[in-house]
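Q: This structure is in structure tokens; I'll ask about it shortly.
The values are calculated or read from the model by the stated rules, or taken from the named source; none is laboratory data. Everything quoted here is computed from the prediction, not taken from an experiment. Ideal geometry is used to build each Cβ from the backbone, glycine not excepted, and the neighbour counts take in all protein chains shown. Note: areas computed on protein heavy atoms with side chains; ligands, DNA, RNA excluded. Shrake-Rupley method; radii C 1.70, N 1.55, O 1.52, S 1.80 Å.
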Amino acid sequence: MGGPKISVVIPYKQRLRNFRIALAALAEQTLPGSEFEIVVGALEYSREYLAACREYADRLTIVSVLVDEEWNLCRSRNLALRQVSGEVVVFLDADLALPPHCLASLYDRYYADGQDVCVVGQIVGLDGRSDRPAETSDLREHREYRTLLADLEASPGARLDKRWRFDPFVLPWTLVWGAFIVVPAETIRRHGLFFDEDFRGWGGEDQEWGYRVHAAGVPIVRGEDVYGLHLPHARDVSSNFREFDVNMDHFLAKWPSLDVELYRAFDMWGANRSYEEVRREVAAAVHGPGETLGVARGTVDGKDTLVVGAPVDGRRRITDPEVRASFDDGSPVSVLPLVGLALPFPGGGVEECRVLPSVLGLSERYREAVLREAKRVARHVVAPEAP
């Protein structure tokens, strides 16, 4: 009570040129400066960073949490998040500039009446699949970006982010990209919606956060006319996707479920396209109420073995007594409710994988994906012949 309407949370380390433009855009918001604050989790001690903040001290309330640590996006966000005093939290990356009416319009449209909703903003101009050099020559001055920001505000209803041109999103948490997301502060406190600091490097941490937002029953929506302009910066795409693979394994191990498995196997677009189809096929492959296909790991004939296609119930128990009895001690060490399309195990980490006939009931695309994943994780695969 009595705090600002909005807290803008920005993670920061060594992104000064972008940060200065993002601050300049925030200083030009039509929402009065007294009604929002900027809270930065800065993982460095930098005189240049502090100088940039001082430039806007007369127009913006900037709270900085400064620690000298290696880069961890989730850590940076969490440090800032614990200091917010606003009613609504806007997570904004340091390389995103907002049009002048953005914060005022966002609050009035989605939060003025106390709504409990997670709003996802469009990220305009993002190209995450192209490398950029360490010195980015095409970063213009803020006065040049003003024209682009004005153009955004003059284009109501525009769908400039590819997420706005894709339907249906049956898995709304896959919409969540951390560069621009908004949620009430009380929702964060009530559900403990901090970021998982075990994610390192690039990617996956925002969808996992969104997964928990969705699980908490908070609607996730695409914001209407909620835009941010992405600013160029150095990028190593190959390194990013190596980090993303590790992060997605962590995500799947933490929340083993069909929707996360599909995201791991087929990316966000493929997961949304195939979810209902795969769900029907899995339901047809099992027989008991509440059952699904699962993978079980344990010792079989003295070998570390993964069994794929075992029927499991909601408590992760194998319901087929023959499958249970195939393990040396009559039960596996672990059971996951996964089809086998994606598995949170390193390549070649399992001695043997046994694929059960139930997998043959899947259509060819998914059956072949299960067999590929089995061959990735196991040094030897035993599988029935496809009809």
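Q: Just give me the residues in region 165-203 being open to solvent by 20 Å² or more (accessible area, probe 1.4 Å), in a helix (DSSP H, G or I) and either among the acidic types (Asp, Glu) or farther than 21 Å from Arg82 by Cβ (or both), in sequence order.
A: Arg165, Pro172, Glu186
Q: Moving to a separate point now. Considering each of Val295, Val308 in turn, give the residue that is touching a Lys or Arg at 6+ places or on another chain (Cβ under 9 Å), part of a strand (DSSP E or B) and at pLDDT 95 or above.
A: When all the criteria are applied, what remains is Val308.
Condition check ((1) closer than 17 Å to Ala283 by Cβ; (2) in contact (Cβ under 8 Å) with a residue 12 or more places away in the chain; (3) open to solvent by less than 70 Å² (accessible area, probe 1.4 Å); (4) of a type in the set (A, V, I, L, M, F, W, C)) across all residues:
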site: Thr319; (1), (2), (3), (4): yes, yes, yes, no
site: Gly340; (1), (2), (3), (4): yes, yes, yes, no
site: Glu352; (1), (2), (3), (4): no, yes, yes, no
site: Val355; (1), (2), (3), (4): no, yes, yes, yes
site: Arg379; (1), (2), (3), (4): no, yes, no, no
site: Ala383; (1), (2), (3), (4): no, yes, yes, yes
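Q: Of all residues in region 268-293, which are within 15 Å of Pro357 (Cβ to Cβ) and either buried (at least 19 other Cβ atoms within 10 Å of the Cβ) or of a type in the set (Val, Ile, Thr) (or both)?
A: Val282, Ala285, Val286, Leu293
Q: Then there's this: State whether the residues of region 333-344 include one that is within 28 Å of the chain's Cα centre (by Cα), small (Gly, Ala, Ser) and closer than 18 Å to Val278 by Cβ.
A: Yes, there is a match, as at least one residue in region 333-344 is within 28 Å of the chain's Cα centre (by Cα), small (Gly, Ala, Ser) and closer than 18 Å to Val278 by Cβ.
Q: Can you tell me how many residues within region 240-263 are in a helix (DSSP H, G or I), polar (S, T, N, Q) and either closer than 20 Å to Pro337 by Cα or open to solvent by 30 Å² or more (accessible area, probe 1.4 Å) (or both)?
A: Summing the residues that are in a helix (DSSP H, G or I), polar (S, T, N, Q) and either closer than 20 Å to Pro337 by Cα or open to solvent by 30 Å² or more (accessible area, probe 1.4 Å) (or both) in region 240-263 gives 1.
Each row is one residue, and each column tells you yes or no for (1) under 17 Å from Tyr145 (Cβ atoms); (2) under 25 Å from the mean Cα position of the chain (by Cα); (3) part of a helix (DSSP H, G or I); (4) without any contact (Cβ under 8 Å) to a residue 12 or more places away in the chain.
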site	(1), (2), (3), (4)
Arg17	yes, no, yes, no
Arg20	yes, no, yes, no
Gly41	no, yes, no, no
Ala51	no, no, yes, yes
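Q: Run Gln29 past the list (1) buried (at least 19 other Cβ atoms within 10 Å of the Cβ); (2) out of contact with any Phe, Trp or Tyr (no Cβ under 8 Å at 6 or more places or on another chain); (3) polar (S, T, N, Q) and report the number of the one that doesn't hold.
A: Status for Gln29: all satisfied but (2).
Conditions tested, residue by residue: (1) in contact (Cβ under 8 Å) with a residue 40 or more places away in the chain; (2) within 21 Å of Tyr145 (Cβ to Cβ); (3) open to solvent by 60 Å² or more (accessible area, probe 1.4 Å).
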| position | (1), (2), (3) |
| --- | --- |
| Asp58 | no, no, yes |
| Leu73 | yes, no, no |
| Gly86 | yes, no, no |
| Asp93 | yes, yes, no |
| Cys102 | yes, yes, no |
| Asp108 | no, no, yes |
| Gly121 | yes, yes, no |
